[in-house]
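Taken together, the values in this text are just the output of simple stated rules run on the coordinates, not laboratory data. Treat the numbers as computed from the prediction; the structure is a model and nothing was measured. When we count neighbours, we look across all protein chains shown, and the Cβ atoms used for this are built from the backbone with ideal geometry, even at glycine.
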Amino acid sequence: MNPLEIFQLLKTDVLLTYKKQHPYFEGTWKTFTSQDILNLIDLIENKTNQRVSEKWIYTHLKPEDNPKLPRKDMLDILSQLVGYSGWDEYLFKNKKESIKENKSIKRKPKTGIWVVLGIILIGIATYFFYQFRTESKTIIIKDAFTNKKIESDEIRATVLEDEREKPIEIVNSEIKISKGKTKILLKSPYYKEKTIVVDKDSQSDIVLQPDDYAMMLKAFMKSDIKDWQTRKVQLQKILAEDVEVIIILKDELGSEYFNKQEFSEKLIVPSASLKKMRLIDIQHNGKNEINFVRIIQE
């Protein structure tokens, strides 16, 4: 096996690792959605303390075939995610595996299939257990300033168990959990991240603090503000000079990359296409400037 063929094995192992953390996912890299990519980025960061960009995943993991090998530092990150010290160890051990008899090589995928099938069945059982459990508590998620419900599509909620995150469905800005003590992580591009522990005695409302700069970007994209000069001044203040902006195109057509100047020019003049964009991730640097934005085109 050459290094490029072994990289294909690494992609398979990364996908299996993702499925262990998200047992409801039954697809392949081809069916990997923008939400799956966000989940994978979070998983890599939690496991390796390093970050992989969405653009990199689209370029190197989504394609069925790769014309060339990615940079070694990125291969090191993926190798660490699947349990190795780095790419060198992964490459060495899989080269040794490729020398073994064909029967041994063929048995390995079968074992992997049964493991994945078992994980999927456990995940389905867990899902129905939590969905239909009679004892439950309803939590309403609200804006700390307006005290109004936050739109369901603007929040992601997960239950934290044994350092793993299990997604929870949010319906009408509400989540239902068992009455036992539950640790919940709430994330939103428009609100500050919050982790809470909920039990039967907890209040029924959870309030999230708005991210002021994210709210400004939302206003720029959704409102009909005509004063482009004011927008330009405000954007200059809240956007870092090295800001990276990724816009995910609809119909799985890929994504586009913008720097500060390009993104600012796009936001200055209101347009119909701008109103169809939704912010799904935002990050700040040490100066509280926005240095990363991810947007989806609807």
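A few points about this structure:
- Peptides 76-86, 266-276 ordered by packing proxy, namely the average of other Cβ atoms within 10 Å per residue, highest first: 76-86, 266-276.
- In the calculated pair-distance distribution of the range 1-80, the portion above 20 angstrom amounts to 25 percent of the Cα-Cα pairs.
- The convex hull built on the alpha-carbon positions of the chain has an orientation-averaged projected area of 17.8 nm².
- When you restrict to C-alpha pairs under 8 Å that are six or more residues apart and normalise by the size of the range 153-243, the relative contact order lands at 20 percent.
- Using the Cβ of Val207 as centre and a radius below 13 Å, the other residues enclosed give a net charge of +3, where K and R count +1 and D and E count -1.
- Amide proton proximity set for Met277, modelled H, under 5 Å, gap of 5+: Glu298
- For the range 212-297, a crude dipole built from +1 on the beta carbon of Lys and Arg and -1 on the beta carbon of Asp and Glu, taken about the Cα centre, is about 380 debye to the nearest 20.
- FRET efficiency for the Met215 to Ala272 pair, using the beta carbon distance and R₀ = 25 Å, is estimated at 0.70.
- In straight-distance terms, cross-link reach from Lys47 covers every one of the aspartates and glutamates whose alpha-carbon lies under 17 Å from its own, apart from those fewer than eight places away in the same chain; here that gives Asp13, Asp36, Asp73, Asp76, Glu161, Asp162, Glu163, Glu165.
- Among beta bridges identified by DSSP and lying wholly in the chain, the antiparallel ones come to about 75 percent.
- By the equivalent-ellipsoid construction on the alpha carbon gyration tensor, the range 133-208 comes out with semi-axes of 19, 14, 11 Å, ordered largest to smallest.
- Using θ = phi - 60° and Karplus 6.51 cos²θ - 1.76 cosθ + 1.60, couplings along the range 72-80 (whole Hz; Gly, Pro as x): 5, 5, 6, 5, 4, 4, 5, 5, 5
- Using the Cβ-Cβ distance between Asn172 and Asp251 with R0 set to 22 Å, the FRET efficiency works out to roughly 0.20.
- In the chain, taking the dipole from charged Cβ atoms about the Cα centre, the farthest positive-side position among Val14, Ile290, Gly254 is held by Val14.
- At R0 = 51 Å, FRET efficiency that the Cβ-Cβ distance of Ile140 and Trp29 yields, to 0.05: 0.85
- J(HN,Hα) series, the range 86-93, from Karplus relation 6.51 cos²θ - 1.76 cosθ + 1.60, nearest Hz, glycine and proline x: x, 4, 4, 5, 4, 5, 4, 5
- Sequence of Arg231, Arg294 once ranked by neighbouring C-beta atoms within 10 Å, starting from the fewest: Arg231, Arg294
- Pairwise Cα inverse-distance average, inverted: Kirkwood Rh of the range 212-297 (Å): 12.9
- Nearest-ten-degree value, helix 3-21 long axis tilted from longest Cα axis of the chain: 60
- For the listed residue pairs Lys148/Lys232; Lys68/Lys96; Lys72/Lys183; Lys20/Lys275; Lys55/Lys187; Lys192/Lys266, the alpha carbons are over 28 angstrom apart in Lys148/Lys232; Lys72/Lys183; Lys20/Lys275.
- Across the chain, the relative contact order, built from alpha-carbon pairs under 8 Å that are at least six residues apart, equals 12 percent.
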